[in-house]
1. Identify, please: which residue in the range 290-337 is among the charged types (D, E, K, R) and in a loop (DSSP other than H, G, I, E, B) and is, among those, surrounded by the fewest Cβ atoms within 10 Å (Cβ to Cβ)?
2. Looking at (1) hydrophobic (A, V, I, L, M, F, W, C); (2) under 21 Å from residue 169 (Cβ atoms); (3) touching a Lys or Arg at 6+ places or on another chain (Cβ under 7 Å), which is the only condition residue 74 fails?
3. Can you tell me which residues in the range 29-53 are more than 12 Å from residue 327 (Cα to Cα), of a type in the set (Lys, Arg) and in a strand (DSSP E or B)?
4. Taking residue 233 as the residue in question, decide whether it is surrounded by fewer than 20 Cβ atoms within 10 Å (Cβ to Cβ) and farther than 25 Å from residue 13 by Cα.
5. What number of residues in the range 176-201 are at pLDDT 85 or above and either surrounded by fewer than 17 Cβ atoms within 10 Å (Cβ to Cβ) or more than 21 Å from residue 146 (Cβ to Cβ) (or both)?
6. Please pick out the residue among 186, 206, 278, 200 that is assigned by TED's automatic domain parsing to the domain that holds residue 139 and without any contact (Cβ under 8 Å) to a residue 24 or more places away in the chain.
7. So which of 235, 218 is touching a Lys or Arg at 6+ places or on another chain (Cβ under 9 Å) and at pLDDT below 95?
8. For the structure I just gave you, tell me whether residue 264 is farther than 19 Å from residue 98 by Cα and either of a type in the set (Ser, Thr, Tyr) or under 21 Å from the mean Cα position of the chain (by Cα) (or both).
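The values are calculated or read from the model by the stated rules, or taken from the named source; none is laboratory data. These numbers were taken from a predicted model, which means no experiment stands behind them. All Cβ positions, glycine included, derive from the backbone under ideal geometry; neighbour counts span all protein chains shown.
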Amino acid sequence: MTRTTRDSKDEIEPMYASVGHEIPVGRNWTFEPKYDGIRALAFVNSRGVRLVTRNGNDKALQFPEITTALAQLAIRLGKAFTIDGEIVAVVGDGVARFQALQGRMHMKGSNEIAIAAEHMPAALVAFDAVSYDGRDITTQPWTERREALEEILGGLASTKAGRPRDSVAQYLRLSPTKHGGATMLRRARAQGWEGIIAKRTDAPYRPGVRSDAWLKLKIDFEQEFVVGGFTAPRKSREGLGALLLGYFNASKKLVYVGHTGGGFTRVGLREMRQELDRLTRKTSPFESEFHTNQPATWVRPSLVVQVKFSEWTADGRLRQPIFLGIREDKKAKDVTYEGESIQRKLDA
């Protein structure tokens with residue numbers, strides 16, 4: 001198999017989307033589903049397969065069904081490639097939200113992983129190609145990269161009944177893309193997606209850059225936050241009372257946005273407390289002081305969590321935040337204020 005320049009170094013970072021506030025119009029925009037999973041670059045060459053998250057962790061061992069499918073695809077093609085996509089939980093013929101994937105992110109034991117791959121399968125939904133057959137194609141426009149991606153995944157078409165033809169197609173999927181953002185946004189609302197992504201068809205792939213050529217149009221109020229501390233539990237509650245949440249501003253200061261104690265199971269509370277006990281510190285990591293209902297324990301601001309909430313308040317706090325899971329695939333320093341996208345406009 002041909003060795004690729006990018007794959008040999010595994011240095012490339014993914015391209016990132018900016019938050020969009022309007023549906024862009026014009027024939028130079030295309031629209032795709034915004035998947036709620038684990039972003040990963042798949043480096044596939046003669047030396048093997050790597051599934052690298054945006055903070056540099058290789059998840060190939062945690063998702064052997066995807067790794068095997070990528071290796072088999074490379075054998076069929078006889079070419080190396082690097083593709084960008086999202087690891088998602090599979091439910092029937094569809095995909096589930098991030099919570100369904102949470103349990104698989106941290107697995108270590110081979111038996112545990114094998115059982116999970118069978119009973120809680122995941123798939124890689126590919127939405128861009130970075131290199132193909134020894135060529136770095138990041139400087140090419142989206143239209144040409146999409147042609148390369150379709151060539152890589154071209155043999156994975158489903159049967160007329162909608163079922164994958166084989167195990168490779170079962171665990172590797174091609175993200176649909178269409179013109180007409182309003183139509184796809186209505187579909188997103190009907191099917192419970194997190195939102196959609198708008199992409200300029202004439203733009204290159206810019207590794208490590210948060211670009212306006214990709215816009216995330218979010219339906220839900222949901223994003224990542226950094227844990228800066230936790231409060232003591234009350235009454236019969238175990239582990240902790242609530243997580244104290246924040247994001248990093250332009251000055252690299254941690255800004256407090258509120259606390260959440262909802263969304264945990266009893267086991268989840270204990271596991272979260274064990275995780276946080278390894279990060280304790282004496283002083284608050286937050287930029288300013290605030291009041292808590294129970295005594296607070298401060299932690300090093302390195303743990304990233306996914307949170308869903310009903311809205312941003314006028315003073316910059318989260319209303320009714322609910323914990324969804326830990327995001328070990330994302331760096332704390334990259335968690336910034338996203339603000340609102342198009343949520344209120346949809347409800348108007």
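1. 315
2. (3)
3. Scanning the range 29-53 gives 34, 50.
4. Taking the combined requirement at face value, the residue satisfies it.
5. Final tally of qualifying residues: 8.
6. 186
7. Result: 218 is the single residue among 235, 218 that is touching a Lys or Arg at 6+ places or on another chain (Cβ under 9 Å) and at pLDDT below 95.
8. no
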